[in-house]
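The structure appears below as structure tokens.
The values are calculated or read from the model by the stated rules, or taken from the named source; none is laboratory data. This is a predicted model, so every value here is computed, not measured. Every residue, glycine among them, receives a Cβ derived from its backbone with ideal geometry; neighbour counts consider all protein chains shown.
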Amino acid sequence: MVISQKHPFHLVDPSPWPFITSSSVMLLVTGFVMFIHGFSNGSLVFFSGFLFVLISIIVWWRDVIREGTFEGQHTSTVQFGFRVGILLFILSEVMFFFAFFWAFFWASLSPVPEIGSVWPPIGIEVFNTFEIPFLNTVILLLSGFSVTWAHHSIVSGNFKEGFFSLVITICLATLFTLLQVFEYTSSTFSISDGIYGSVFFIATGFHGFHVFIGSCFLIVCFVRFCSFHFTKQHHFGFEAAAWYWHFVDVVWLFLFVSVYWWGNSILSNSFYINDFFSFGTIRNCFPN
């Protein structure tokens, strides 16, 4: 007996992947903690967890692609729920990076005497703002334009332009990652060099990790695009990738302006900020 569905929602079939993925993530985290604390076989547990997570992601996404592309389960109502979900996910990522910016401004606006009461701290040789950081900014901005071009190409049904714009976006993303790796390898300071090294490498490193995830997202979309999975009306998978990539672009702009430019400028590398925030200076601003 065939039972007709009287609602526009997709009731997911029972799947083992949520349990397997969560168990794999637990194994990954446990292995990472073992590895950084020097336990024997910690690296083996870590890489085993990473491998299981990767396999779980591949097979789980395969099922989702089948549901939406071949089974037609992703109705307009389901797609609306997906859009709300990815927006909430990006909002959580904004809060994630907000903590890093808070730490940066907390340390740079009022540097403590232990680091010389200046920012950047004494002994830190910072990167030239208008070399690799500026070049990476241009690269990410161009990739933002190209991914928007790809989106409009999909909506208009132009396969040729969509193909080339996606190739350009992926190439720019790869170039950004390679330049950041080169920047890290040529750095004169490390993550263990005080508050500056910690904040710099955690903030830019996590952004680089998000660029890598976004690049993988775009590569999957490119393969699906070449397989004609996207139509003018149904291409949420690419929309999610494009929104995520624009988020990565915006975060980098804030990183470039605050960490690379303002944080390395003469204004933040002086005693004037501490003097301004001192009680005596503020009191003098309001004479009797």
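Key figures
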{"quantity": "Region 99-129, residues that are among the hydrophobic types (A, V, I, L, M, F, W, C) and in contact with a Phe, Trp or Tyr (Cβ under 9 Å, 6 or more places away or on another chain)", "calculated": "100, 101, 104, 107, 109, 115, 118, 119, 124, 126, 127"}
{"quantity": "Enumeration of residues in region 87-110 that are in contact (Cβ under 8 Å) with a residue 12 or more places away in the chain and out of contact with any helix residue (DSSP H, G or I) (no Cβ under 7 Å at 6 or more places or on another chain)", "calculated": "87, 94, 96, 105"}
{"quantity": "Residue count, region 174-190 (criterion: touching a residue at least 40 places away in the same chain (Cβ under 8 Å), assigned to a helix (DSSP H, G or I), more than 18 Å from residue 253 (Cβ to Cβ) and over 16 Å from the mean Cα position of the chain (by Cα))", "calculated": "1"}
{"quantity": "Residues satisfying the stated conditions in region 191-230, i.e. outside any helix (DSSP H, G or I) and touching a residue at least 60 places away in the same chain (Cβ under 8 Å)", "calculated": "193, 229, 230"}
{"quantity": "Residues (surrounded by fewer than 16 Cβ atoms within 10 Å (Cβ to Cβ) and in a helix (DSSP H, G or I)) located in region 156-173", "calculated": "156, 159, 160, 161, 163, 164, 167, 171"}
{"quantity": "Residue pairs meeting the criteria (Cβ under 7 Å; at least 6 apart or on separate chains; first over 14 Å from residue 235 (Cβ atoms), in region 57-77; second modelled with pLDDT of 85 or more and not in a helix (DSSP H, G or I))", "calculated": "63/15"}
